[in-house]
Amino acid sequence: MKPRPAASLTRREFVGAGLAGAAVLAGPSILTASKTDSQVILGEGDYRYQVHHDWPELPSPYTWQTTHNVAVDKSGNLYVIHEGKAELKDHPSIFVFDPQGKFVRAFGNEFQGGGHGIEVREEGNEEFLYVCAYQQVKSFAKLTLKGETVWRQFAPMESGVYAEGENTNPQKVWGRDRFLPTNFAFLSDGGFLLADGYGSYFIHRFDKDAKWVSCFGGPGDGKGKFNTPHGVWIDRRPGREELVVVCDRAHHTLQYLTLDGEHRETLTGFGLPANVDTYENLLVAPELHARVTLLNEKNEVVAQLGDDVKRVTGEKGIRNDRSRWQDGRFVHPHDACFGHNGDIFIAEWVSTGRITKLRRV
């Protein structure tokens, strides 16, 4: 897979540049959209999905404020985290919806203004939420599914990569010596990885007791080095070697590495890939450049859903103007996760927030 050359962008440059210059992923052109009973169907063959934009609805007095990430628990409940606004300290940043999209509860006002990554993990007979936040919040935490805090931590100073006071006096300051975590990946030994995707560009490893162990990566252009390592995941699909996948977003690539950070493979051709998730033999990669890509167990592209790359990267202001959003097309997919039956939930980085359900048909 070879992309068209594209500039490496930071998150701020991405906004300021008006999204110019999308990379084009080579592969089968599976971009069809057809109407069935007034519902848009994306994809072809074994990869067809019915689109439900704005699937869950928030009750008053809550409002969407830039949706970031999504996760599903064993019961099929959907957890949505948004960045939120720092000045709205009493507004929750995490919302929970049942399998029908009905609002269940809200919590997490401590992450307001910086909410970002969220994952559900089963530990023994109980499930927990792992949450991380950037901007002025700069922390990561383990919560119960109802929002009670199990533990909360700040910058791992023992790594030696952060400015003095980054763990005790977090402020809305960006830089390679700052802590701005974005996403988690869970290890089979009970530990986890945490991507510092907007800060140091390192991937940190923690043990089962949430104690820092090591890190790998850091800024750079070579193999095993990153420019905005925004998403991280463990690829355990059948028939593949178990490896870490890092969404090296501003390089428009996915990098495969060992737990020690040894580079194995780079997949090119994405348009700002933000995160990944896996289900059976499939890997889903939401791309901020206006599409969602599916790969099979050989990492061959089998579907590109909701593609609106040319329009979104060529025109300014679409992110903030709902009147220009089109049915069956994405604006800025920021996260995606699979449901237990292969459905896909998409969170988009748009000013008023949007959660889309893709029901597999």
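Springs between Cα atoms under 10 Å define the GNM used for the chain, and in it the highest mean-square fluctuation of R249, R311, R176 occurs at R311.
Taking a straight Cα-Cα cut-off under 15 Å and skipping sequence neighbours fewer than 8 places away in the same chain, the aspartates and glutamates within cross-link reach of K89 are E110. Remark on L145: its backbone amide H falls under 5 Å from those of L129, a criterion applied only to residues 5 or more positions apart or on other chains, H modelled at 1.01 Å from N. Express the relative contact order of the stretch 43-360 as a whole percentage, based on alpha carbon pairs under 8 Å and six or more residues apart in sequence. Averaging sequence separation for qualifying contacts and normalising by length gives 15 percent for the stretch 43-360.
Between T268 and K298, the simple spin-label model (points 7 angstrom out along Cα→Cβ) gives 2.1 nm. The order of the peptides 265-278, 206-219 by mean Cβ neighbours within 10 Å, most packed first, is 265-278, 206-219. Under a Gaussian network description of the chain, with springs only between Cα atoms under 10 Å, the residue in W174, W151, W233 that fluctuates furthest is W151. Centre-to-centre, using Cα atoms only, the stretch 256-278 and the stretch 115-152 are separated by 24 Å. Only lysines eight or more places from K298 in sequence, or on another chain, were considered; those with a Cα closer than 18 Å are K2. With all protein chains in place and a 1.4 Å probe, the accessible surface of the chain carries 46 percent carbon and sulfur.
In the structure shown, do any of K223/K316; K85/K225; K223/K310; K138/K208 have a Cα-Cα gap over 26 Å, and if so which? The pairs that break the limit, which is 26 Å between Cα atoms, are K223/K316; K85/K225; K223/K310. Packing here is the average count of other Cβ atoms within 10 Å per residue, and on that basis the peptides 89-99, 284-294, highest first, run 284-294, 89-99.
Springs join every pair of Cα atoms under 10 Å in this Gaussian network model of the chain, and among H332, H53, H116 the largest mean-square fluctuation is at H53.
The values are calculated or read from the model by the stated rules, or taken from the named source; none is laboratory data. Everything numeric in this text was worked out from a predicted model, so none of it was measured. Note: ideal-geometry Cβ built from the backbone for every residue, glycine included; neighbour counts use all protein chains shown. Protein only, heavy atoms only, side chains kept; ligands, DNA and RNA dropped before computing areas. Shrake-Rupley method; radii C 1.70, N 1.55, O 1.52, S 1.80 Å.
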